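Report on one structure; see the data block that follows.
The values are calculated or read from the model by the stated rules, or taken from the named source; none is laboratory data. Just so you know, these numbers come straight off a predicted model, no measurement behind them. Counting neighbours? That spans all protein chains shown, and the Cβs are built from the backbone with ideal geometry, glycine included. We work out accessible area using only protein heavy atoms, side chains counted, and drop any ligands, DNA or RNA first. Shrake-Rupley method; radii C 1.70, N 1.55, O 1.52, S 1.80 Å.
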Amino acid sequence: MKTIGLLGGMSWESTLTYYQAINRAVSERLGQLHSAKIILNSVDFHEIEQLQASGDWHRAGQILASAAKSIDAAGADCILICTNTMHKVAEQVTNATPLPLLHIAEATGRKLKQDGIKKVALLGTNFTMEQDFYKQKLIDDFDLSVIIPDRDQRSVIHSVIYEELCLGKVVSESKSAYLEIIDSLVAEGAEAVILGCTEIGLLVSGQDCDIPLYDTTMIHALAAVDFALSE
């Protein structure tokens, strides 16, 4: 079994989900008392969030690159950035170590392609929804049509992530607001919805909607298990 390197803490709420999902999947596949080999470097999200807000992505990338080096030195065989938004600095992370980076958008794109989805809605932070580093990969590499909510809806999604979900707060009114937004995206022709922030799965799930929801946290975690158990 290979060792999975997790670059986490962004937020720790979703990093917890990664740890549980990876270990549960390994246990299910191998049985007995098996669990995953994991090396975790969990950063201080307050510092990262401040750099996001100020637009200092280079400094944020330096912090993650340094953390990636420590994961490499500890003996990991791959790295996962346990957040969608911080894949904006994926190149800095990959340049810092020779370890393969399991990219969350690539794992999600493969799953969507495999399922025959062609038009998908993307929910996430404003950075993820509005900038090209994430959705353009889905468009270019997987030939997907990607739509996003309108500006007011994006503001709601973003604020709920940072002011509630990253703090472990699950608010029923926010869930209702998210489901209304999803309904509006279905009306625009979305065949599925990407939960493109690793915290959104704490709020809504496939049981809440008729349309397929692609939880990037779970997709990414299972891609790590596939890697760890591959020959």
Compute the accessible area per residue over region 46-152, keeping the other protein chains in place, probe 1.4 Å, unit Å².
-> 44
Run the accessible area of region 67-131 with a 1.4 Å probe and give the carbon-and-sulfur part as a rounded percent.
-> 46
Mind scanning LYS37/LYS118; LYS2/LYS169; LYS69/LYS175; LYS119/LYS175 and naming the pairs with a C-alpha gap bigger than 32 Å?
-> LYS37/LYS118; LYS2/LYS169; LYS69/LYS175
How far apart, in nm, are the 7 Å Cα→Cβ label points at SER35 and VAL156?
-> 4.0
How long is the gain from LYS113 to GLN136 if the chain were fully straight, where each residue apart is worth 0.36 nm and the alpha carbon distance is subtracted?
-> 6.8 nm
Everything considered on the Cα gyration tensor (a ≥ b ≥ c; rounded for a/c under 1.5, else prolate if a/b is larger than b/c, else oblate), region 119-216 must be described as prolate
Extending each Cα 7 Å along its Cβ direction at MET1 and SER145, get the distance between those two points in nm, one decimal.
-> 4.4
Quick one: angle between helix 132-142 and the longest Cα principal axis of the chain, in degrees between 0 and 90, rounded to 10, please.
-> 90
Label-point separation in nm, HIS46 to VAL170, each point 7 Å along Cα→Cβ = 2.6
To the nearest Å, what is the center-to-center distance of region 16-81 and region 117-177, using C-alpha atoms only?
-> 21
Which value at 222 nm does the chain reach when only helices count, each DSSP H run of 4 or more adding -39,500 (n - 2.57), with the total divided by all residues and rounded to the nearest 500 deg cm²/dmol?
-> -16500 deg cm²/dmol
Taking Lys and Arg as +1 and Asp and Glu as -1, residues besides GLY124 with C-beta under 10 Å from its C-beta add up to 0
If each K or R counts +1 and each D or E counts -1, the residues other than ALA223 whose Cβ falls under 10 Å of its Cβ total 0
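What shape does region 40-162 have by the C-alpha gyration tensor, where a ≥ b ≥ c are the square roots of the eigenvalues, rounded means a/c under 1.5, and otherwise prolate means a/b greater than b/c and oblate the rest?
Because a/c hits 1.5 or more and a/b fails to exceed b/c, region 40-162 counts as oblate.
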